[in-house]
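Only one structure is covered here, and it is reproduced in the block below.
The values are calculated or read from the model by the stated rules, or taken from the named source; none is laboratory data. For clarity, every value in this text was computed on a predicted model and none was experimentally measured. A quick note on method: Cβ atoms are made from the backbone with ideal geometry, for glycine too, and the neighbour counts reach across all protein chains shown. Ligands, DNA and RNA are stripped out before the accessible areas are found, and what is left, the full protein with its side chains, is counted by its heavy atoms. Shrake-Rupley method; radii C 1.70, N 1.55, O 1.52, S 1.80 Å.
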Amino acid sequence: MDDKIRVTLVNYTRRPLETVTWAALISYWEGWETGTFERMGEKDVEMHLPRVLGYGHESILEHAVLTFAVEGCSRVCSHQLVRHRLASYTQQSHRYIKLNPNDVEETFMIPESVKEKPELYEKWKEFMESAIELYEETYKAGVHQEDARFILPQAVRTKIVVTMNLRELKHFLGLRACERAQWEIREVAWKMLEEIAKNEELRPVIKWAKLGPRCIQLGYCPEGELMPPGCWKRTREKWRALVGSKPEV
């Protein structure tokens, strides 16, 4: 885990689960009307939403939108993140923002697998220090930052604002919270899930919609022989600890 990667849920649809439930009721409740939204309560949500999601009717999740701030991840990670196209992104611009040249670890992501090899780790740091030095030399020579940034490796840390609806977030988590996902995007995915779990309004939907890796969503691991040994058990335990219960999955 990299403690410099920070994920924060900064905003979401007002009364998200009431919104989703109210949208679902238009399908089969004759008494539905616009004004019923303001009368929706926790009991209405608990009565209808788990049942509707249990039927697999997930289009209703698109009516609730969540916005996260992701800070400190690498460009390697953000390139994977933006491949999820049913979402909105705004990323820190290295065309305008100069990097901090004083701390390699603050500026670049160095994987633990590299840090475990001291000689290799030193070479990585030397390379990244050289990249920063040439980057500074380039823009100090009068070259615009938009061209100076070409020298920066993908390991450079970035910040990005991510907005997804709950249905797309479920798809994202299904792929990226899996143990077979690349470690950095997996860390971002679980931190998003943890942010939802900390929120009283949103926490129930983790269980009802089975937000998590695909083994949680499907009840089995679709990776087959590619599944890492023991990951099914580890993932279930981690997910159950997050939702604070022991649902059947």
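Express the accessible area of the range 144-243 per residue in Å², computed with a 1.4 Å probe while the remaining protein chains stay in the model.
Details: 4570 Å² over 100 residues.
Result: 46 Å² per residue.
Near residue 115, within a Cβ-to-Cβ distance under 11 Å, what is the net charge of the other residues, with Lys and Arg +1 and Asp and Glu -1?
Values: positive: 117, 125; negative: 2, 105, 112, 116, 122.
Net charge around residue 115: -3.
Provide, for q = 0.11, 0.15, 0.18, 0.19 Å⁻¹, the log10 of I(q)/I(0) from a solvent-free Debye sum over equal Cα point scatterers in the range 1-113.
Per q value, in the given order, log10 I(q)/I(0) is -0.57, -0.80, -0.96, -1.02.
Considering the range 92-231, what Rg and Dmax in Å follow from its alpha-carbon atoms?
My reading of the Cα-based Rg and Dmax gives 19.6, 58 Å.
Taking only the C-alpha atoms, wrap a convex hull around the chain and report its volume per residue in Å³ as a whole number.
Working: hull volume 35.9 nm³, N = 249.
Cα-based convex hull of the chain, divided per residue, equals 144 Å³.
Once you mark the GluC sites (Glu not before Pro) that are in a DSSP loop and have at most 13 other Cβ atoms within 10 Å, what is the longest gap between them in the chain? Walk me through the numbers on the way to the answer.
Working: sites that count: 30, 33, 116, 200, 248.
So the longest stretch without any such site is 117-199.
Report the chymotrypsin sites (Phe, Trp or Tyr not before Pro) located in the range 60-101 that are in a DSSP loop and have at most 12 other Cβ atoms inside 10 Å of their Cβ, or state none.
Working: sites: 68, 89, 96; in loops: 96.
The qualifying sites are 96.
Of 178, 231, 215, which is the most mobile in a GNM of the chain whose springs link Cα atoms less than 10 angstrom apart?
Result: 231 has the largest fluctuation of those listed.
Starting from the Cα of residue 180, step 7 Å toward the Cβ, then list every residue of the range 210-233 with an amide N under 14 Å from that point.
Residues 213-216, 218, 220-232 qualify, since their backbone N sits under 14 Å from the label point.
Can you give me the Rg/Rh ratio for the range 176-249, using Cα atoms for both radii and the Kirkwood formula for Rh?
Working: Rg = 11.9 Å, Rh = 12.5 Å.
For the range 176-249, the value is 0.95.
Between 219, 230, 54, find the one with the highest GNM mean-square fluctuation for the chain; connect C-alpha pairs within less than 10 Å.
230
Can you give me the orientation-averaged projected area of the convex hull built on the Cα atoms of the range 46-100, in nm²? Can you show the working numbers first?
Details: hull surface 23.6 nm².
The number I arrive at for the range 46-100 is 5.9 nm².
Can you tell me the dipole magnitude for the chain around its Cα centre, using point charges on the Cβ only (Lys, Arg +1; Asp, Glu -1), in Debye to the nearest 20? Each step should come with its number before you reach the end.
Details: 37 positive and 38 negative charges, 118 e Å.
With Lys and Arg at +1 and Asp and Glu at -1, about 560 debye.
What's the FRET efficiency of residue 29 with residue 223 using the Cβ-Cβ distance as r and R₀ = 45 Å, to the nearest 0.05? Let's see the in-between values first.
Values: r = 40 Å, r/R0 = 0.89.
With a Förster radius of 45 Å, E is 0.65.
Which angle between 0 and 90 degrees, to the nearest 10, do you get for helix 183-197 versus the longest principal axis of the chain when only C-alpha atoms count?
Tilt relative to the chain: about 40 degrees.
Inverting the mean 1/r over all pairs of different Cα atoms, compute the Kirkwood radius of the range 101-143 and quote it in Å.
Working: mean 1/r = 0.0896 Å⁻¹.
It works out to 11.2 Å.
Springs between alpha-carbon pairs under 10 angstrom, Gaussian network model over the chain: which of 102, 165, 11 fluctuates most?
Maximum among the listed residues: 102.
Kindly express, to the nearest 10 degrees and within the range 0 to 90, the angle between helix 166-176's C-alpha long axis and the longest C-alpha principal axis of the chain.
Tilt of helix 166-176: around 50 degrees.
Might you report the magnitude of the Cβ-based charge dipole of the range 70-119 about its Cα centre, with Lys and Arg at +1 and Asp and Glu at -1, to the nearest 20 debye?
Numbers: 7 positive and 7 negative charges, 93 e Å.
Dipole size: approximately 440 debye.
Under 15 Å between alpha carbons, and skipping anything fewer than 8 positions from residue 238 in its own chain: which aspartates and glutamates qualify?
Cross-link targets: 179, 187, 194, 195, 248.
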